[in-house]
Amino acid sequence: LVPSRWALGAMAGTIDLHSLVPGTLTADPLFRHRTGTWLLDLGMMVVLSVVFGLAVARLLRRHEPVVMRG
(Lines give C-alpha, C1' and ligand atoms only; values in the text may rest on other atoms or scores of the structure.)
Protein backbone atom coordinates (compact mmCIF):
# COMPACT_ATOMS: atom_id res chain seq x y z
CA LEU A 1 0.00 0.00 0.00
CA VAL A 2 2.93 2.33 -0.57
CA PRO A 3 2.35 4.59 -3.61
CA SER A 4 6.06 5.20 -4.11
CA ARG A 5 6.64 1.47 -4.69
CA TRP A 6 4.13 1.42 -7.52
CA ALA A 7 5.58 4.65 -8.95
CA LEU A 8 9.09 3.19 -8.88
CA GLY A 9 7.76 0.04 -10.55
CA ALA A 10 6.15 2.09 -13.33
CA MET A 11 9.32 4.11 -13.84
CA ALA A 12 11.51 1.00 -13.85
CA GLY A 13 9.20 -0.71 -16.33
CA THR A 14 9.18 2.34 -18.57
CA ILE A 15 12.97 2.53 -18.90
CA ASP A 16 13.55 -1.26 -18.56
CA LEU A 17 15.69 -0.83 -15.48
CA HIS A 18 16.59 -4.52 -15.20
CA SER A 19 18.38 -4.50 -18.55
CA LEU A 20 20.17 -1.23 -17.68
CA VAL A 21 21.23 -2.35 -14.18
CA PRO A 22 21.18 -6.16 -14.04
CA GLY A 23 21.25 -7.74 -10.62
CA THR A 24 19.14 -8.85 -7.72
CA LEU A 25 18.04 -5.32 -6.78
CA THR A 26 16.30 -4.81 -10.12
CA ALA A 27 14.88 -8.34 -10.43
CA ASP A 28 11.61 -7.23 -8.79
CA PRO A 29 8.51 -8.50 -10.67
CA LEU A 30 7.03 -4.99 -10.63
CA PHE A 31 10.03 -3.73 -12.63
CA ARG A 32 9.32 -5.90 -15.70
CA HIS A 33 9.32 -4.12 -19.04
CA ARG A 34 5.89 -5.41 -20.04
CA THR A 35 2.66 -3.59 -20.82
CA GLY A 36 0.59 -5.56 -18.31
CA THR A 37 2.98 -4.91 -15.46
CA TRP A 38 3.23 -1.22 -16.33
CA LEU A 39 -0.56 -0.87 -16.45
CA LEU A 40 -0.83 -2.68 -13.11
CA ASP A 41 1.65 -0.23 -11.56
CA LEU A 42 -0.21 2.81 -12.91
CA GLY A 43 -3.59 1.34 -12.03
CA MET A 44 -2.55 0.74 -8.45
CA MET A 45 -1.31 4.32 -8.18
CA VAL A 46 -4.71 5.56 -9.36
CA VAL A 47 -6.57 3.22 -6.98
CA LEU A 48 -4.42 4.23 -4.01
CA SER A 49 -4.83 7.92 -4.87
CA VAL A 50 -8.62 7.57 -4.90
CA VAL A 51 -8.69 5.54 -1.66
CA PHE A 52 -6.36 7.92 0.18
CA GLY A 53 -8.22 10.95 -1.22
CA LEU A 54 -11.54 9.57 0.03
CA ALA A 55 -10.01 8.80 3.42
CA VAL A 56 -8.70 12.35 3.75
CA ALA A 57 -12.03 13.83 2.67
CA ARG A 58 -13.85 11.64 5.19
CA LEU A 59 -11.49 12.59 8.01
CA LEU A 60 -11.73 16.29 7.16
CA ARG A 61 -15.51 16.05 7.03
CA ARG A 62 -15.55 14.73 10.62
CA HIS A 63 -13.82 17.91 11.84
CA GLU A 64 -15.99 20.32 9.85
CA PRO A 65 -18.51 22.33 11.90
CA VAL A 66 -22.12 21.16 11.57
CA VAL A 67 -23.15 24.61 10.30
CA MET A 68 -20.89 24.20 7.22
CA ARG A 69 -22.43 20.83 6.21
CA GLY A 70 -25.02 22.04 3.78
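The values are calculated or read from the model by the stated rules, or taken from the named source; none is laboratory data. Everything numeric in this text was worked out from a predicted model, so none of it was measured. Using ideal geometry, Cβ is built from the backbone for each residue, glycine included, and neighbour counts are taken over all protein chains shown. Calculation scope for accessible area: heavy atoms of the full protein, side chains included, ligands and nucleic acids excluded. Shrake-Rupley method; radii C 1.70, N 1.55, O 1.52, S 1.80 Å.
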Could you tell me whether the range 33-46 includes any residue that is touching a residue at least 12 places away in the same chain (Cβ under 8 Å) and part of a loop (DSSP other than H, G, I, E, B)?
-> yes
What are the residues in the range 35-45 that are over 16 Å from Leu8 (Cβ atoms) and open to solvent by 90 Å² or more (accessible area, probe 1.4 Å), if any?
-> Thr35
